[in-house]
Amino acid sequence: MREIRTFELEHGEPAAAWRVTQPLVLQVMAGELWLTVEGDAQDYWLTAGDTFELSRGATAWVSAGQRGARLSLAFASGGAYERPAVKTRRTTPWSWMPRWWQTI
């Protein structure tokens, strides 16, 4: 069984940062999505149907285009999902977000 999460971003929302703890496959389901990955000199504009693999340890920044964006994240195949160790409460600008969102 795979876990798949769906997100919707509206145009004008601030960019969100994700720290990737397990390899993920991002798929744009509708609209357009701006994606940049720390350490990668290129920015990506993805549209409906496009996919992008995010490696473990990466930090990805995403934001919606003018039409907004709906996307899904699925754990990449290649082994059983290992749950990350429980961490203490974070004091970052993103600490208001649910814990499961911060660990994606």
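The numbers here are math on the coordinates, done by the rules we state, and not lab data. Note that the coordinates shown come from a computational prediction; the quantities given were computed from them, not determined experimentally. As a convention, Cβ positions derive from the backbone with ideal geometry for all residues, glycine included, and neighbour counts pool all protein chains shown.
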If 63, 55 are placed from fewest to most neighbouring beta carbons inside 10 Å, the sequence is 55, 63
What FRET efficiency, computed as 1/(1 + (r/R0)^6) with R0 = 25 Å and r the Cβ-Cβ distance, is obtained for residue 74 and residue 45, rounded to the nearest 0.05? 0.75
Give me a comma-separated list of calculated 3J(HN,Hα) values for the range 47-59, in order, Karplus coefficients 6.51, -1.76, 1.60 applied at θ = phi - 60°, integers in Hz, x for any Gly or Pro. 10, 3, x, 6, 10, 8, 8, 10, 7, 4, x, 6, 10
HN-Hα J couplings of the range 24-31 from phi, Karplus 6.51/-1.76/1.60, θ = phi - 60°, integer Hz, Gly and Pro as x? 10, 10, 9, 10, 7, 9, 7, x
Here the gain from full extension of residue 5 to residue 19, 0.36 nm per residue of separation minus their alpha-carbon distance, amounts to 3.5 nm
